[in-house]
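A quick write-up on the structure given underneath.
Here, each number is a calculation from the coordinates, and none is a lab measurement. Quick caveat, the model's predicted, so the values are computed rather than measured. Cβ: placed from backbone, ideal geometry, glycine included. Neighbour counts: every protein chain shown.
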Amino acid sequence: EKVPLKLEVNGKKYKLKVEPRTTLLDLLRENLNLNGTKKGCDYGQCGACTVHVDGQRVNSCLSFAVMHDGKKVTTIEGLADADKLHPMQAAFVKHDGFQCGYCTPGQIMSAVACVREGHADSEGEIREYMSGNICRCGAYTNIVAAIQEVKN
Ligand code: FES
């Protein structure tokens, strides 16, 4: 049986009915058509599904949507300010912080949280914080450079 769920996603308010077992990731992608958030592993190992809930980063594949009733979700689609890229998005472009791009939305959402939470003081600290976001192309050096640029 579906249950009611109120969510604010990227500044837009939604009143939804969802199956209790629907993950936040599937809700975003399938119900709201926000496909920027990616499904890599679907079990908490890759970070491709990273979003922010009330400002905290969350692996959206690991949490049920109903756990977030009344909360504010930000996805990669909500990061830019109209036509102006978020500084972290611009830094990823400048430093080639990707190759295939599949992990990039999750990388950027984690990177924004990394700086905001004060974990970007050194390369080691950045790599530690970002260790849950896997990049199979191995763009890590450039990702770190992008984060350091935003931090400084
Ligand atoms: Fe969620 Fe991989 S899809 S961590």
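Below is a table of values for the structure above.
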| quantity | calculated |
| --- | --- |
| On Cα atoms only, tilt of 104-116 relative to the major axis of the chain in degrees | 80 degrees |
| Environment charge at ALA48 (Cβ cut-off 12 Å; Lys +1, Arg +1, Asp -1, Glu -1) | +3 |
| Between helix 140-151 and the chain: long-axis angle, C-alpha atoms, 0 to 90°, nearest 10 | 90 degrees |
| About the Cα centre, charge dipole magnitude for the chain (Lys/Arg +1, Asp/Glu -1 at Cβ), debye | 480 debye |
| Linear extension gain, ASP96 paired with LYS13, 0.36 nm per residue minus alpha-carbon span | 26.5 nm |
| 222 nm mean residue ellipticity, helices alone, for the chain (DSSP H n ≥ 4; -39,500 (n - 2.57); rounded to 500) | -7500 deg cm²/dmol |
| Estimated distance in nm for a label pair at GLN45 and GLU117, the labels positioned 7 Å out from Cα along Cα-to-Cβ | 2.2 nm |
| Pairwise label distance in nanometres, LEU85 with THR141, each label 7 Å out on the Cα-Cβ vector | 2.1 nm |
